[in-house]
1. Extending each Cα 7 Å along its Cβ direction at Val33 and Phe5, get the distance between those two points in nm, one decimal.
2. Give, in whole angstrom and from largest to smallest, the semi-axes √(5λ) of the equivalent ellipsoid of the chain, with λ running over the eigenvalues of the Cα gyration tensor.
3. Taking the Cα atoms only, what angle lies between the long axis of helix 9-38 and the longest principal axis of the chain, rounded to 10 degrees?
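All of the numbers you see were taken from the coordinates with simple rules; none came from a lab. Here the structure is a predicted model, which means the values were calculated and not measured. So basically every Cβ, Gly included, is an ideal-geometry build from the backbone, and we count neighbours across all protein chains shown.
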Amino acid sequence: MSKKFGINTKSAEARARKDAVKQSNEREKQQRVEDEYWRDDDKQVQKKLQRK
């Protein structure tokens with residue numbers, strides 16, 4: 001007899017894989033946003049560093 005409340009292992013694995021990809025993409029997006037926030041784009045500082 002089959003289990004009454006069994007889970008489909010293939011779909012569970014696929015769901016876990018999709019969740020992992022989604023979390024990875026979310027982390028990358030968050031990292032890009034944070035990097036953009038902390039990016040130093042002060043023109044005076046850039047000129048000063050270029051002279052050295």
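1. Using points 7 Å along Cα→Cβ, the separation is 3.7 nm.
2. Listed largest to smallest, the semi-axes of the chain are 52, 8, 5 Å.
3. Compared with the principal axis, the helix lies near 10 degrees.
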